[in-house]
1. Please give the number of the condition residue 228 fails out of (1) touching a Gly at 6+ places or on another chain (Cβ under 7 Å); (2) within 16 Å of ligand 1 (Cβ to nearest atom).
2. Taking the stretch 186-209 as the search range and keeping residues that are crowded, with 17+ Cβ neighbours inside 10 Å, polar (S, T, N, Q) and without any contact (Cβ under 8 Å) to a residue 40 or more places away in the chain, which one is nearest to ligand 2 (Cβ to nearest atom)?
3. Which of the residues that make up the stretch 110-124 are farther than 15 Å from residue 166 by Cα, among the aliphatic types (A, V, I, L, M) and buried (at least 16 other Cβ atoms within 10 Å of the Cβ)?
4. Restricting the stretch 211-230 to residues that are under 22 Å from residue 321 (Cα atoms) and surrounded by fewer than 21 Cβ atoms within 10 Å (Cβ to Cβ), which is nearest to the chain's Cα centre (by Cα)?
5. Within the set of pairs 6+ apart or on separate chains, which have a first residue in the stretch 281-305 that is over 14 Å from residue 239 (Cβ atoms) and part of a loop (DSSP other than H, G, I, E, B), a second that is of a type in the set (Lys, Arg) and more than 16 Å from ligand 2 (Cβ to nearest atom), and C-beta atoms under 6 Å apart?
6. Taking the stretch 254-280 on its own, how many of its residues are modelled with pLDDT under 95 and assigned to a loop (DSSP other than H, G, I, E, B)?
7. Report, ordered by the first and then the second residue, all pairs with beta carbons closer than 9 Å, sequence separation of six or more or different chains, a first member in the stretch 26-37 that is closer than 13 Å to residue 55 by Cα, and a second member that is charged (D, E, K, R) and modelled with pLDDT under 95.
8. Quick one: which helices (runs of 4 or more DSSP H) sit completely within the stretch 56-130 and have at least 3 residues that are in contact with a Ser or Thr (Cβ under 9 Å, 6 or more places away or on another chain) and away from ligand 2 (no atom under 16 Å from the Cβ)?
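The values are calculated or read from the model by the stated rules, or taken from the named source; none is laboratory data. Keep in mind that this is a model prediction, so the values were computed, not measured. Note: ideal-geometry Cβ built from the backbone for every residue, glycine included; neighbour counts use all protein chains shown.
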Amino acid sequence: MNKNNDKDIILDVRHLTVRFKDRHKEGTAVDDVSFQVRRGKVLGIVGESGSGKSVTSLAIMQLLGQTNAVVEATDIDFLGENLLNKKKKEMQNIRGKHIAMIFQEPMTSLNPALTVGTQITETIIKHEKVSKTEAWKRAKNLLDTVQIPLSEERLREYPHQLSGGMRQRVMIAMALSCNPELIIADEPTTALDVTIQSQILELFKKLQAEYKQTMILITHDMGVIAETADDVMVMYAGRVVEYGDTESVLVNPKHPYTKALIRAIPNMSEGQELETIPGNIPSIYNLPNGCNFNSRCASCQDRCKEKKPHLVEVEGRLINCLLYE
Ligand SMILES: Nc1ncnc2c1ncn2[C@@H]1O[C@H](COP(=O)(O)OP(=O)(O)OP(=O)(O)O)[C@@H](O)[C@H]1O
Ligand SMILES: [Mg+2]
């Protein structure tokens, strides 16, 4: 069964493409995206709004099913098994037990009518044969792990009684509750204010250091990547534009879009003017000829308006830019 010989790769996505289609139009939201998630490491996926980050993760989890999405890939290998061949029931079992997701707005994922303790114990009991008492004990330990003070009392409270930061900690506790091999966190700190945001990032770092939790962390903020991710995949208008280990990408970015994202990190550009990228990301229904980034690129040349670049390897990193072909 196990065809993935590299035991250090938890998730191996090959040539994933997602199109949205209706009677009037068709657009490509994710265009031939391939990446690997290494065991015990954090893969950051970064790019501005509309670049295809969420659609990528929803496609992997088969959560686009009810929409007009057409998902294609040669392989989505999770621990040696191709998720593309999984039935609905099997995917339900994988979601939650093996791959857990954390979203931006915890209130939409929590049930307002149930106490925190009931919700966490229910997820534990759903996936594992343990008694209620045992599940409750585990729930308390999980709240301790995510550093919620007075955990015993918090378990008896309802989501609305908690602050936004606390609710996100509860979501992280629920994600951890079945010891998933992989957590996908999609903009987990975006809805929180800056102080709380950095506390949650600290918590992710702690989980990573102490429990070697494998994660995909999706964000539009290169600063979050700098703090948390081992590897980074930069996406723009559905395509991977740069992909490599975070440190070398941050120290020596190659793609003009990556460079621009780094110049937009507040504390990385100390003493310099904080830059924003002029213009907007193109619509998936109206992608330009040539490179998708050409209209906003400071290094754009004539050929960039005619020819689509291919991913090429440069210094151990993948770059999608004609300047490097
Ligand atoms: N169900 C859908 N039907 C049609 N188009 C969709 C659907 N879901 C997403 N899209 C489009 O796909 C593109 C990628 O969207 P996606 O949600 O992946 O962006 P994102 O990178 O996660 O952005 P954000 O940072 O805003 O969350 C966008 O143009 C979006 O409008
Ligand atoms: Mg998104």
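1. (2)
2. So the residue we want is 189.
3. 124
4. 220
5. So the pair list comes out as 285/25.
6. So the count comes out to 13.
7. Pairs found: 27/21.
8. Fully inside the stretch 56-130 and qualifying: 116-127.
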